[in-house]
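Let me begin by presenting the structure, written as structure tokens, before commenting on it.
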Amino acid sequence: MNLMSVKVLTASQMREVDRITIEELGVPGMVLMENAGSSVVRVLEEKFPPLAQERITILCGKGNNGGDGFVVARHLKMKGHSPHVILFADPGILKGDARSNYDILLKNRITPAMARNADEWARLRAELSGATLLIDAILGTGLSGPVEGFLLEVINDINGSFPQIPLVAVDIPSGLGSDAGALLGESLRARCTVTFTAPKWSQVLAPSCERVGELHVMPIGTPPSIIAGIPDAYLNLLSEDDLEPFVRPRDAESHKGDYGHVLVVGGSRGKSGAAALSALGALNAGAGLVTVATAFSILSIVAGFAPTIMTEPLPETDTGSISLAAFDYGRFAAVVAEKSVMAIGPGISTNPSTVEFVRRALKDFPKLPIVIDADGLNAFAGAADLLADPLKGTGRKLVLTPHPGEMARLSGISKQQVQANRVETARNFAMKHQVCLVLKGNRTLIAEPGGQVYVNPTGNPGMATAGTGDVLTGMIAGLLAQHPNAPVEKVVSAAVFWHGAAGDAAAEIRGELSLTATDLLQALPRALHIGGTIHSMSSRALRLRSGQAPRGTCFSC
């Protein structure tokens, strides 16, 4: 099975895609621009019915983005609308396809008003108060620095004076860069963005994705094979199709042994709930059997969370955490025997003896798929080299699930540095240490040893609460147990996507403020239709209609 995720491109990669389409495939740029403008109109008709009742103003710049806006205006007029067009440039500087479409616009008896400076804009801006829908085609994806001068004044004016008017961005909101999640400066804030061929980095990474609104990715004439063949295009956006293979109906003749046995190793005095939540995450993700190995004194507490959790007692330290003595006489090895996957770390503590226990567990069981989270990760803070595979080249399945603070401790940099460069931080670590790394947060990332990185669009701020990460750890282990022959990055991506979708489903019922980890567990079934289609998503959705993914696929944004 191939990953169904969608390639995400930088501005330069997108220019190369367009060049190949025009020069090597012979598709004229005018055709691409025509398809782009007409696809925007299709989205408008879907999102704002009946469109005939809208008073539409189209804001156009001097480049190809403005040319797309001219096509939008012409198609709207062909459908009986009367769009108002404002051009933020002198027509004399228009070039290429944008100039051609401007001339066609004039022949169709649409004459844009000119806002070439602050005085002309001051006279025209009053007309915007009568608009019910704004189309932003001022600046495109080629921006490399913050907007300044007159256009910055325009952007601030629209954001400040007309926030109540829905704004649809053509390709990208004006002022937003293409190649990173960080903001270049001020930009327009779109209710909806219609981009073409492939998503851009800023449209899927935080915080810039928050300026995009609902994102529609529309095909305009480039075959998917061209996109797939772009070198160094390593960022991908997950879709529900990445989850679907892992939530299909089961064989009627199957039994619990067919779905794996997860061993959760964790918990300590005062932190018994973390291990239990991971166990319940694994069970709710479909694992056939789940055992929690934990410190002897809290075993009864863990067992009391649910009758479906099996338990194994382990020797403990004087602080009530698992002791290195668990390895004496082969005791822990006997617990691990016949297990499909180990999830280690939730609630386990950083007692020095426990740290040594975690490190030895990783070393002694190199052939067992292992998921490491929480204080299991902190056991390798400043000692990431201990993550090395003792059986080189065996394709070991090792999954790390750090939040930014844990990632900082693992990589020896500050949390601020991690957050400033999340993609490269996750990617470089995964490649160096040959692990599958899940960097949690707004737009969680999954980085695999070969260098591909996957962005998860599901989830919401309500999930920033104790225990939700423990549930994810269990879900990853549960899916790994059920699908031992699938690529680890596929399984992990599915778990992360489903986890976020469940958070979105829970937030619809409970709200973000009151959401808890147990709410997320209860929402896991509600996040799916029978057969594996996402049922409940955030209202801030992303729709893909490109050839890269099935038409109409939805994501939480």
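What the table shows:
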| quantity | calculated |
| --- | --- |
| Condition broken by ARG269, with the remaining ones in (1) surrounded by fewer than 24 Cβ atoms within 10 Å (Cβ to Cβ); (2) in the same structural domain as PHE357 (by TED's automatic domain parsing); (3) not in a loop (DSSP other than H, G, I, E, B) satisfied | (3) |
| Tally, over region 463-517, of residues that are more than 28 Å from LYS256 (Cβ to Cβ) and either part of a helix (DSSP H, G or I) or touching an Asp or Glu at 6+ places or on another chain (Cβ under 8 Å) (or both) | 6 |
| Within region 44-53, tally of residues that are surrounded by fewer than 17 Cβ atoms within 10 Å (Cβ to Cβ) and not in a helix (DSSP H, G or I) | 2 |
| Where a residue in region 293-312 is under 17 Å from LEU283 (Cα atoms) and in the same structural domain as ALA343 (by TED's automatic domain parsing) and its partner, wherever it lies, is assigned to a loop (DSSP other than H, G, I, E, B) and among the β-branched types (Val, Ile, Thr), with Cβ under 9 Å and at least six apart | VAL302/ILE309; ALA303/ILE309 |
| Close pairs (7 angstrom Cβ cut-off, 6 or more residues apart or separate chains): more than 15 Å from GLY503 (Cβ to Cβ) and among the polar types (S, T, N, Q) in region 434-459, modelled with pLDDT of 95 or more and not in a loop (DSSP other than H, G, I, E, B) anywhere | GLN452/ASN236 |
| Looking only at region 1-43, and only at residues there that are in contact with a strand residue (DSSP E or B) (Cβ under 8 Å, 6 or more places away or on another chain) and assigned to a loop (DSSP other than H, G, I, E, B), the one that is surrounded by the fewest Cβ atoms within 10 Å (Cβ to Cβ) | LEU3 |
| Only listed residue being at pLDDT 95 or above, in a loop (DSSP other than H, G, I, E, B) and assigned by TED's automatic domain parsing to the domain that holds ALA282, chosen from GLY347, GLY405 | GLY347 |
| Filter result (among the aliphatic types (A, V, I, L, M) and either in a loop (DSSP other than H, G, I, E, B) or out of contact with any helix residue (DSSP H, G or I) (no Cβ under 8 Å at 6 or more places or on another chain) (or both)) within region 217-234 | VAL217, ILE220, ALA228, ILE230, ALA233 |
| Some residue of region 320-331 being among the small types (Gly, Ala, Ser), modelled with pLDDT under 95 and either in the same structural domain as LEU368 (by TED's automatic domain parsing) or more than 32 Å from the chain's Cα centre (by Cα) (or both) | yes |
| ASP90 being among the acidic types (Asp, Glu), assigned by TED's automatic domain parsing to the domain that holds ASP171 and buried (at least 22 other Cβ atoms within 10 Å of the Cβ) | no |
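Yes/no per residue for (1) more than 26 Å from the chain's Cα centre (by Cα); (2) touching a residue at least 24 places away in the same chain (Cβ under 8 Å); (3) farther than 15 Å from THR141 by Cβ:
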{"residue": "THR10", "(1), (2), (3)": "no, yes, no"}
{"residue": "GLN13", "(1), (2), (3)": "no, yes, no"}
{"residue": "VAL17", "(1), (2), (3)": "no, yes, no"}
{"residue": "THR21", "(1), (2), (3)": "yes, yes, yes"}
{"residue": "GLU24", "(1), (2), (3)": "yes, no, yes"}
{"residue": "GLU46", "(1), (2), (3)": "no, no, yes"}
{"residue": "PRO50", "(1), (2), (3)": "yes, no, yes"}
{"residue": "GLU54", "(1), (2), (3)": "yes, yes, yes"}
{"residue": "LYS77", "(1), (2), (3)": "yes, yes, yes"}
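Yes/no matrix, rows are residues, columns are (1) surrounded by fewer than 19 Cβ atoms within 10 Å (Cβ to Cβ); (2) of a type outside the set (Lys, Arg); (3) in contact with a strand residue (DSSP E or B) (Cβ under 6 Å, 6 or more places away or on another chain):
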{"site": "GLY66", "(1), (2), (3)": "no, yes, yes"}
{"site": "SER100", "(1), (2), (3)": "yes, yes, no"}
{"site": "MET114", "(1), (2), (3)": "yes, yes, yes"}
{"site": "ARG125", "(1), (2), (3)": "yes, no, no"}
{"site": "ILE138", "(1), (2), (3)": "no, yes, yes"}
{"site": "PHE150", "(1), (2), (3)": "yes, yes, no"}
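The values are calculated or read from the model by the stated rules, or taken from the named source; none is laboratory data. The shown structure was predicted, so the numbers you read here are calculated from the model rather than taken from an experiment. For neighbour counting, all protein chains shown are included, and Cβ atoms are generated from backbone atoms with ideal geometry for every residue, glycine included.
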